[in-house]
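The block underneath contains the structure these notes are about, expressed in structure tokens.
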Amino acid sequence: MAQISADNHGLRLYTRYAVLVLIAVIFIFPLVFMVVSSLKPDQQLLADTASLRAFLPVGDISLNNYTAAFQRAPVGLFIMNSVIVTGVTVVLSLLACSAAAFAFVFVNWKGRELVLSLILATLIVPFETIAIPLLLISSQLPWIGLDGLTSGWLNTYRVQIIPFIADGLTIFLFVQYFKDLPGELIEAARVEGASWGQIYRRIVMPLAGPVLATAAILKFLVMYNQYLWPLMVVQDEAYRPVMVGLQYFFQLNIAWGEVMAYLSLITVPVLAFYLYLQKAFIASIASTGVKG
Amino acid sequence: MKHFTLAAGALLASVAFTTVAQAQTTLSMWYHGAGNEGEAKVLNQIITDFNASQADWKVELQSFPQAAYNDSVTAGALAGNLPDILDVDGPIMPNWAWAGYMQPLQIDEAKIAGFLPGPKGYWGGKLYSIGLWDAAVALVTRQSILDELKLRTPTLDQPWTGEEFMAALDAAKASGKYEFPLDLGMAWTGEWYPYAFSPLLQSFGGDIVDRTTYKTAEGTLNGEAAVKFGDWWQGLFKNGYAQATQDPADRDGGFAAGKYAFSWNGNWAALGALAAFDDTVFLPAPDFGAGAKIGAASWQFGISAKSAHPDGASKFIEFALQDKYLADFANTTGLIPATKTAAAMTENYKDGGPLAVFYGMTEANALVRPVSPGYVVQAKVFEKALADIANGAAVADTLDAAVDEINADIEKNGGYGH
């Protein structure tokens with residue numbers, strides 16, 4: 001009897017792993033196709049798409065597409081721009097949105113429910129609907145910098161960063177997480193005479209690792225994939241991000257190998273960022289699942 | 001003493017150079033060719049030559065990827081941030097001129113008398129843009145295919161009739177050697193549809209819009225000729241002559257791989273087709289009754305309405321119109337030089353050159369797309385209608401609906417200034 005039970009358990013385990021491997025393969029295949037294709041000349045790449053060879057680094061393999069990609073476009077500059085814009089926005093967004101959520105959850109003030117409702121209502125407003133008014137405002141805004149007082153934010157990093165620091169989704173994520181923190185902790189700290197700033201810095205934020213990771217990854221993806229907004233506000237190549245740069249490769253006769261090489265290169269920062277925060281991200285999702 | 005003289009000379013030279021540099025007024029320029037190494041090389045050479053040729057103006061280039069260019073210009077216009085010089089796709093120009101993005105050129109029109117009609121961008125009787133090249137579409141095939149299928153080689157004087165064209169497709173289909181007899185480039189979307197396919201409609205006697213008034217599409221896009229065209233178009237897909245949806249890889253390499261007997265493609269792909277087979281030939285468009293037609297007008301230079309220096313911008317554009325630059329562009333990109341004299345300076349388009357046939361096609365058959373600000377909408381409506389018909393939608397109903405949509409747009413925009 002015990003033997004049958006052990007066999008069933010083993011079978012279930014094998015089945016489970018087989019399904020998981022299959023799912024993993026389905027998700028990994030596009031990435032494998034992208035990287036493998038980036039190593040092949042166009043003619044071979046197109047010919048291989050009809051067979052499993054599309055996923056195998058076989059035939060005429062080289063790094064020529066990568067060399068050509070760097071010749072066609074300033075790839076390094078685009079990646080650097082995206083990393084700067086995304087990195088700065090993510091950091092500022094985590095600070096601003098967590099502070100806002102802290103004020104909504106822990107600080108008692110008149111009208112906070114209404115203001116929070118208004119902020120959450122912005123989640124249903126697509127960016128495209130506010131893009132043009134935002135463009136008109138951004139093109140007229142003043143700025144004090146090294147050149148003194150100037151007018152207009154176009155062709156800068158700040159125009160790609162500042163409008164995206166605060167957003168309803170990130171605030172919502174923090175609000176939900178903070179609501180689940182034990183209220184006794186905050187009360188005890190208040191009794192001990194801690195200020196709101198101290199509670200935010202020393203108690204709440206050290207406990208917010210999982211939600212910080214989740215919010216950071218989601219924000220990173222949104223910012224790194226920005227296309228419409230930089231297209232509208234950046235005419236200077238020096239400030240162009242990766243997604244606008246992708247269009248450099250879509251000429252009349254598309255060099256697919258170069259496209260794949262460029263995509264492989266710009267995927268590296270995303271993967272690195274995700275892998276860095278993966279543990280905390282999964283912890284956040286898992287804890288959400290348990291509560292649900 | 002020798003050192004002192006050298007130093008003094010260098011100082012004087014640098015002062016003189018600085019004075020010239022300071023005297024030059026900067027003209028900003030936007031161009032759609034980022035990522036296109038060949039075009040960038042020629043354009044940068046023109047700019048370098050122009051900046052060195054005179055002391056008044058200095059052009060500074062900002063390149064954009066083509067797919068992002070029109071949206072960038074529209075956003076720039078909204079933000080009041082357009083450059084002095086911009087380039088514009090020929091059929092879009094009337095819209096930008098009408099919308100107030102552009103101003104007329106100040107160039108001596110005698111200098112463009114010898115230009116092909118396609119590269120000249122007129123709106124409201126004024127020249128708003130001028131191009132250095134044109135593009136053309138041909139029926140690409142191989143002489144060996146024509147011989148094997150026992151087909152007459154059509155010429156500009158005697159193109160295939162509609163019946164001959166269909167007989168050629170039937171022969172290719174009956175041979176059983178090809179996945180499809182005809183590659184129409186259905187993998188390409190957007191401007192390809194009106195550019196490549198509206199001339200076929202025009203050859204049937206229809207059009208996207210009534211060009212006598214530009215105030216309606218009634219009767220031209222849904223009249224008897226247009227419905228006949230629509231039935232023929234749908235038949236191409238229903239009867240297995242062409243595929244309604246196509247893998248982009250097949251568009252890029254299908255003809256070279258022998259999947260198609262004929263390919264409806266542009267001269268920009270011609271060098272690749274010649275490289276694939278040594279007996280590649282480019283045939284003129286068939287004549288479906290109202291004459292053989294192909295599209296015309298490509299990217300052109302213009303001046304933004306906000307430019308404070310239209311005189312300088314015009315000087316640059318006039319400078320760029322020299323035959324040597326037209327020839328350089330043609331040699332680099334494979335596009336058709338705008339003048340006969342420039343064509344004679346190129347390897348591909350000179351008499352007897354492998355692509356010279358395209359110059360003749362443009363001269364003989366080219367028809368610009370409707371010269372109207374409403375074209376930007378009409379092109380999209382036309383594209384959708386043709387895609388729907390290709391996928392089995394009822395021809396007459398689809399064309400009627402397209403006409404309604406175009407007419408409503410014209411009315412909503414007060415006739416677009418016609």
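Other chains' Cβ within 10 Å of A:233-243 residues: what's the mean?
Numbers: counts 5, 2, 12, 1, 5, 1, 0, 4, 0, 0, 1.
Averaged over the peptide's residues, the number is 3.
For A:THR150, project a label point 7 Å along Cα to C-beta. Then give me every residue of the range A:65-97 with its amide nitrogen under 19 Å of that point.
A:81-82, A:84-85
Check B:ILE303: other-chain or 5+ apart residues with amide H under 5 Å from its amide H, H built from backbone geometry?
B:LEU86, B:GLN103
Each label point is 7 Å from the Cα along the Cα-to-Cβ direction; what then is the distance between the points at A:ARG12 and A:VAL25, in nm?
Between A:ARG12 and A:VAL25, the label points sit 2.5 nm apart.
Residue separation times 0.36 nm, minus the C-alpha to C-alpha distance between A:ALA272 and A:ILE84: what's the value? Before the final figure, lay out each step's value.
Details: separation 188, 0.36 × 188 = 67.68 nm, distance 1.50 nm.
Contour length minus the Cα-Cα distance gives 66.2 nm.
Please report the spacing between the Cα centers of the range B:86-123 and the range B:325-376 in Å, no decimals.
A separation of 17 Å, based on Cα centres.
Given H placed 1.01 Å from N in the peptide plane, which residues other than close sequence neighbours of B:GLU60 have an amide H under 5 Å from its amide H?
Residues meeting the criterion, in which the H sits 1.01 Å from N, are B:LEU27, B:SER28, B:MET29.
Express as a percent, rounded to the nearest 5, the fraction of DSSP beta bridges in chain B (both residues included) that run antiparallel. Mind dumping the intermediate values first?
Numbers: 24 of 40 bridges.
Rounded to the nearest five, the antiparallel share is 60 percent.
What is the dipole size for the range A:75-249, taken about its Cα centre, with +1 at each Lys and Arg Cβ and -1 at each Asp and Glu Cβ, in debye to the nearest 20?
Here the size comes out at about 180 debye.
Is the shape of the range A:143-292 best called rounded, prolate or oblate, per the rule: a/c under 1.5 gives rounded, else a/b larger than b/c gives prolate, else oblate, with a ≥ b ≥ c the square roots of the Cα gyration tensor eigenvalues? Could you put the intermediate results ahead of the total?
On the way: a/c = 3.46, a/b = 1.63, b/c = 2.13.
The shape class here is oblate.
Which of the trypsin sites (Lys or Arg not before Pro) across the range B:257-307 are loop residues per DSSP, with 14 or fewer other Cβ within 10 Å? Walk me through the intermediate numbers first.
Numbers: sites: B:LYS259, B:LYS293, B:LYS306; in loops: B:LYS259, B:LYS293, B:LYS306.
Within the range B:257-307, no trypsin sites (Lys or Arg not before Pro) qualify (loop, at most 14 other Cβ atoms within 10 Å).
Can you give the Rg/Rh ratio of the protein assembly as shown, where Rg is from the C-alpha atoms and Rh is the Kirkwood radius?
Values: Rg = 30.6 Å, Rh = 29.6 Å.
So for the protein assembly as shown, dividing Rg by the Kirkwood Rh gives 1.03.
I need the phi-derived Karplus couplings for the range B:249-265: 6.51 cos²θ - 1.76 cosθ + 1.60, θ = phi - 60°, integer Hz, Gly and Pro marked x.
Using θ = phi - 60°, the values come out as 5, 6, 5, 6, x, x, 5, 5, 7, x, 7, 10, 7, 10, 10, 8, 9 Hz.
What are the ³J(HN,Hα) values, in whole Hz, obtained from phi via the Karplus relation 6.51 cos²θ - 1.76 cosθ + 1.60 with θ = phi - 60°, for each residue of the range B:160-176 in sequence order, with x given for Gly and Pro?
5, 7, x, 5, 5, 4, 5, 5, 5, 5, 4, 5, 5, 5, 5, 5, x
Cα to Cα, under 29 Å, and not fewer than 8 places away if on the same chain: which lysines meet these conditions relative to B:LYS259?
A:LYS40, B:LYS150, B:LYS173, B:LYS177, B:LYS228, B:LYS238, B:LYS293, B:LYS384
What FRET efficiency, computed as 1/(1 + (r/R0)^6) with R0 = 30 Å and r the Cβ-Cβ distance, is obtained for B:GLN24 and A:ASP60, rounded to the nearest 0.05?
Details: r = 49 Å, r/R0 = 1.65.
The calculated FRET efficiency here is 0.05.
Please compute, for the alpha-carbon atoms of chain B, the extent along each of the three principal axes and give them in descending order in Å.
For chain B, the Cα spread along each principal axis is 90, 53, 36 Å.
I need the Kirkwood Rh of the range A:28-153: take the reciprocal of the average 1/r across all distinct C-alpha pairs and report it in angstrom.
Numbers: mean 1/r = 0.0494 Å⁻¹.
After inverting the pairwise mean of 1/r, the radius is 20.2 Å.
Once you have a ≥ b ≥ c as the square roots of the Cα gyration tensor eigenvalues for chain A, tell me rounded if a/c is under 1.5, and otherwise prolate or oblate according to whether a/b is larger than b/c.
Details: a/c = 2.69, a/b = 1.15, b/c = 2.34.
It is oblate, given that a/c is not under 1.5 and a/b is not larger than b/c.
Need one number: % antiparallel among DSSP beta bridges in the protein assembly as shown, to the nearest 5.
For the protein assembly as shown, the DSSP antiparallel bridge percentage is about 65.
Would you mind listing how long the range B:309-384 runs along its three principal axes, going by Cα atoms, in whole Å with the largest first?
Result for the range B:309-384: principal-axis Cα extents of 40, 38, 20 Å.
How do B:MET102, B:MET361 rank when sorted from fewest to most other Cβ atoms within 10 Å of their own Cβ? Working shown, then result.
Values: B:MET102 27, B:MET361 24.
Ranked by crowding around the Cβ, least crowded first: B:MET361, B:MET102.
What are the residues whose amide H is under 5 Å from the amide H of B:ASP287, where those residues sit 5 or more places off or on another chain and H is modelled from the backbone?
Correct list: B:TRP160, B:THR161, B:GLY162.
Only counting other Cβ atoms within 10 Å, I'd like A:ILE162, B:ILE112 sorted with the fewest neighbours first. Walk me through the numbers on the way to the answer.
Numbers: A:ILE162 16, B:ILE112 19.
Sorted ascending by nearby Cβ count, the order is A:ILE162, B:ILE112.
Bear in mind that the values in this text are calculations on the coordinates, not laboratory data. Since the structure is predicted, the reported quantities are computational estimates derived from the model, not experimental observations. Reconstructed Cβ throughout: ideal geometry from the backbone, glycine too, with neighbour counts over all protein chains shown.
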